[in-house]
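Working notes for the structure below.
The values are calculated or read from the model by the stated rules, or taken from the named source; none is laboratory data. Remember, predicted model here, so these are calculated numbers, not experimental data. Here the Cβ positions follow ideal geometry from the backbone for every residue, glycine too, while neighbour counts run over all protein chains shown.
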Amino acid sequence: MTSNEIRSKFLEFFKEKGHKIIPSASLIPENDPSVLFTTAGMQQFKLYYTNPELAKRDFGVNNVATVQKCVRTGDIEEVGDNNHLTFFEMLGNFSFGGYGRKDAIEYAHEFITKEMGLKISYVTIFKGSQNIRRDDESEKIWQSLGVTNIREEGMEDLFWGPTGDSGPCGLTTEIYCKNASDEDVEIWNIVFNEYFSDGSREKLDKGEAKLTKLPVMGVDTGMGLERLVSVVQNKKSVYDTDLFDNEETKEKRIIVDHTRAITFMISDGVRPSNKGSGYVLRRLMRTVASYKNIDIEKLVEIIIEKLRKQYFELNKEWVVLEFKNERAAYEQAYNHTEAEISKHQGFTGYQAFNISSTLGTRISDIIEIAKKKGTVLSDKFKDEFEEASKKHQELSRTSSAGMFKGGLVDSGEESKKLHTATHLLNQALRIVLGEHVVQKGSNINAERLRFDFVHPRKLSEEEKDEVERIVNQKIDEGLPVGFVEMPRIEAEKIATHSFNEKYGDVVKVYSIGDETKGYFSREFCGGPHVSNTKELADNPNGAPKRFKIQKEEAVSAGVRRIKAILV
Ligand code: GLY
């Protein structure tokens, strides 16, 4: 069976079981600044676990399945062994109140043993913890299917999530199969999303986050395609499958893994930079760049050729161009670093920090260069480096705090106006198109707003005109804008909220309008906003500004994007 066949079989199998097939979301999570990359199939569905009624409305059913592109860098040190990758495809089936443990386990069992013809080596079940009882139910279901090799594990291995700052999470049961090296490979993780955590996983583990029961049982499964293929094709490693070209050495495996990640990230719009996802991309690119003799163009071409049918967004030109720029920047920084280090006799951590912060060279590269040149590091090199780095962080915090009070006000004000315009737009769309319009994402800068929302088709000229008219009318009415904080449960009754957002128990609700004039819009939102809609029309140098839709287009199936300005 080829990897393409396995992908299709998975989707067909779940389609037959009443699941709607949904396309992979982007690698850059929409509207969730607390995570850098999409790391799991469930991420694009986070909101449906807390609001299962929306699933029925948006998909017509409670059950969906996807092949999701994912990036995980947590295990980056292990890339190059038989089973670890930074970029991988994840097969997943998800249910938002549609089914529970029994169906989820039976589907997985049927797919693995019948469709894939594999023997299950063993499965795992949750052994219980202080607050959560042992998963006897899953154990019984496995036994009823004839699986008797059942192992027990605890929170660390068998409690999944949440992703980001908060979200759905729960117990898991996993399936292991043997590969050709006789290794037991974890191939499928079946999560029962029964809880909502109001804090990150880290906080949860420290006892600083609270778990509450979700309204209905959710199912969230994740099966790494590459691992499944390695087992089905009876290979010793994921790198020996038809998704790769039999990369044998650790070095070659790292190069091809990282280049796959780089290719997908750049194609989804990430660019190398010194922070966030751009920094992760830069690190991967620099690792690949440090292997000097690779024909990157050829490698990207081979990678894209294998996956272009599944991922039409892959863009060779962008990837190669970015890679060339990064390689040149890296070489230049490396040479400068060598020259700078040569200037020092005793080489201290302070000096190293100066080089690192001015040239952007990694500390590991600086140490490597210094060692190669025989430069002697000072005794307290590490401490010195850390001290300098801490001082720098404090300094930049206080200087940026000052900037906010003085400068920058202008661009901040413009973004604030467009942010308020986004709320007006959201409500106007709901009035003109219907209540199914739900925010999927938004991005605002001083020049324009961008707003993604659920709607099945293109807007007509009349619809766009009507939306503009309503927004401008609300600007002219000079409606007050303000917020209150209230329990999420209460807020959900009166206010709209966007997709993929993470919400705590207490949320801020921004409203436009008031009790006397009536509320035009009420949304979950962190702010900031202007205090009156008439500020959106402010134009010291001319006629009052108007709200104008510049562009309306599709971003994915069932999701539209509007770009709009105040002119
Ligand atoms: N969300 C399930 C997994 O990533 O394994």
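Overview of results
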item	result
Positions within the stretch 320-379 being among the aromatic types (Phe, Trp, Tyr), over 33 Å from the mean Cα position of the chain (by Cα) and part of a helix (DSSP H, G or I), in sequence order	TYR350
Residue in the stretch 241-249 that is within 16 Å of the ligand (Cβ to nearest atom) and among the hydroxyl-bearing types (Ser, Thr, Tyr) present	no
Test for ARG561: is it surrounded by 17 or more Cβ atoms within 10 Å (Cβ to Cβ) and within 29 Å of LEU27 (Cα to Cα)	yes
Filter result for LYS203 (assigned to a strand (DSSP E or B), at pLDDT below 95, within 22 Å of GLN130 (Cα to Cα) and more than 15 Å from the ligand (Cβ to nearest atom))	no
Yes/no for GLU413 being part of a helix (DSSP H, G or I) and at pLDDT 80 or above	no
Residue in the stretch 52-73 that is free of Cβ contacts under 8 Å to residues at least 12 places away in the same chain and farther than 30 Å from GLY434 by Cα present	no
Criterion (within 17 Å of MET223 (Cα to Cα), more than 16 Å from the ligand (Cβ to nearest atom) and at pLDDT 95 or above) met by exactly one of GLU106, GLU139	GLU106
Flag for THR163 being more than 24 Å from GLU139 (Cα to Cα) and within 12 Å of the ligand (Cβ to nearest atom)	yes
Cβ pairs under 7 Å, 6+ apart, first in the stretch 221-239 and in a loop (DSSP other than H, G, I, E, B), second within 16 Å of the ligand (Cβ to nearest atom)	SER237/ASN83
Residue match in the stretch 46-58 (condition: more than 16 Å from the ligand (Cβ to nearest atom) and outside any helix (DSSP H, G or I))	yes
Any hit, the stretch 253-270, residues being more than 16 Å from the ligand (Cβ to nearest atom), charged (D, E, K, R) and free of Cβ contacts under 8 Å to residues at least 60 places away in the same chain	no
Pairs with Cβ under 7 Å, 6+ apart, first in the stretch 140-167 and touching a residue at least 12 places away in the same chain (Cβ under 8 Å) and over 16 Å from TYR195 (Cα atoms), second within 12 Å of the ligand (Cβ to nearest atom) and assigned to a loop (DSSP other than H, G, I, E, B)	none
Lone unmet requirement of (1) away from the ligand (no atom under 12 Å from the Cβ); (2) crowded, with 21+ Cβ neighbours inside 10 Å; (3) not in a strand (DSSP E or B) for ASP81	(2)
